[in-house]
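Down below is the structure, laid out as structure tokens.
The values are calculated or read from the model by the stated rules, or taken from the named source; none is laboratory data. What you see is a predicted model, and the numbers here were worked out from it, not measured in a lab. Glycine gets a Cβ as well: all are built from the backbone with ideal geometry, and neighbour counts include every protein chain shown. The protein model used for the area step is the full one, side chains on, heavy atoms only, and it has no ligands, DNA or RNA in it. Shrake-Rupley method; radii C 1.70, N 1.55, O 1.52, S 1.80 Å.
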Amino acid sequence: MLFIRGTTGGTGLTGTLYEPGEDPPSFRGAPDEGSPYVWVCDAFYEVESGGQVQAIGDRELRVAFESPMPRGFETRETAIEAAKDHVRTQFARLGVEEAAVEVTVLQVEEA
């Protein structure tokens, strides 16, 4: 299992990439069992009212979260690149330049 995390302006977003042999969560919309790599991460966007107050750098804004949309991939490399793109895109939806988002990939060790 990998955690893929994007950070910028003092805040971050982390998703999980499940690898072959690991059991990703199953819920409506999950990819079929034939996908060896499954990416699961929140998505969010800015709203005028409601939502959750979030500070990014010197800005305070309100964000609303969408339900996670798991995606299946055939290769590890494709899955990691799509995951990196996903976290950068979420911040871009809030007006943050994609180049300003630092993305890290962390291998999760089993306990």
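Figure legend. Inter-residue proximity from the range 1-17: first residues in contact (Cβ under 8 Å) with a residue 12 or more places away in the chain and closer than 8 Å to VAL87 by Cα, second residues assigned to a loop (DSSP other than H, G, I, E, B) and open to solvent by 20 Å² or more (accessible area, probe 1.4 Å), beta-carbon distance below 7 Å, spacing 6+ or different chains. Indicated pairs: LEU13/ASP42.
Search the range 91-106 for residues being modelled with pLDDT of 95 or more and not hydrophobic (A, V, I, L, M, F, W, C), and hand back the single one that is farthest from MET1 (Cα to Cα). Filtering the range 91-106 for residues that are modelled with pLDDT of 95 or more and not hydrophobic (A, V, I, L, M, F, W, C), the one farthest from MET1 (Cα to Cα) comes out as GLU102.
Checking every residue in the range 73-85 against the condition of being open to solvent by less than 30 Å² (accessible area, probe 1.4 Å) and in a strand (DSSP E or B) gives at least one match.
Residues in the range 35-61 that are of a type in the set (A, V, I, L, M, F, W, C) and surrounded by 12 or more Cβ atoms within 10 Å (Cβ to Cβ): VAL38, TRP39, VAL40, CYS41, ALA43, PHE44, VAL47, ILE56, LEU61.
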